[in-house]
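Reading through the structure tokens given below for one structure.
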């Protein structure tokens, strides 16, 4: 089965971001999850955190993505790859005024966390920090303190400033849209025969 851009076995929304899961724990016995994730300009960053039960990696498809790993801010453009080993503090966000898109890999799989995140962020009222921390904890994630002045290193040009401490990176995307789990259609693409 071939999945194109914006297609997945599950579709979630949180913090203004769209997540299309190409691989899930259910499909591969929990080995990994792979999502295509959109990052809107000015969108909210995930709280800085560490995974105690999986590693995470990013492959940028479109746009410029700011990834902070152990206090070092990297600006990564198309076809850039970043590995975040298990236990390493990190967060990420859009580093430009255009939509960014990336692939996010968790190994072992972490798609169940994003199903819970979708539920929290698609209610009439915003989730509290305690609710987000409880969800993170349930899935082997621990909060990490945001560095006030991350060391700068990386690729792809100018390094943008990170949001100020306590800032989530942008407005809360409420409005009652996106309620409930949305399943994306999966359309098999025929292969050409010689």
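The values are calculated or read from the model by the stated rules, or taken from the named source; none is laboratory data. Keep in mind it's a predicted model, so treat the numbers as computed, not measured. Note that each Cβ is placed from the backbone with ideal geometry, even for glycine, and that neighbours are counted across all protein chains shown.
Out of 8, 63, which single residue is farther than 26 Å from residue 128 by Cα, in contact with a strand residue (DSSP E or B) (Cβ under 8 Å, 6 or more places away or on another chain) and crowded, with 22+ Cβ neighbours inside 10 Å?
8
Out of (1) crowded, with 17+ Cβ neighbours inside 10 Å; (2) over 24 Å from residue 78 (Cβ atoms), what's the single condition that is false for residue 29?
So residue 29 meets the others, but not (1).
Failed condition for residue 17, given (1) surrounded by fewer than 21 Cβ atoms within 10 Å (Cβ to Cβ); (2) under 11 Å from the mean Cα position of the chain (by Cα), with all others met?
Failing condition for residue 17: (1).
Residue by residue through the stretch 66-76, note down the ones that are farther than 22 Å from residue 129 by Cα and crowded, with 18+ Cβ neighbours inside 10 Å.
Matches in the stretch 66-76: 66, 73, 74, 75, 76.
Any chance you could count how many residues in the stretch 1-21 are in contact (Cβ under 8 Å) with a residue 40 or more places away in the chain and assigned to a strand (DSSP E or B)?
Summing the residues that are in contact (Cβ under 8 Å) with a residue 40 or more places away in the chain and assigned to a strand (DSSP E or B) in the stretch 1-21 gives 8.
Restricting to the stretch 36-47, what's the tally of residues that are crowded, with 18+ Cβ neighbours inside 10 Å and under 17 Å from residue 135 (Cβ atoms)?
3
If the requirement is being in contact with a strand residue (DSSP E or B) (Cβ under 7 Å, 6 or more places away or on another chain), modelled with pLDDT under 90, under 23 Å from residue 53 (Cβ atoms) and surrounded by fewer than 16 Cβ atoms within 10 Å (Cβ to Cβ), which of these qualifies: 160, 143?
From the options 160, 143, the qualifying one is 143.
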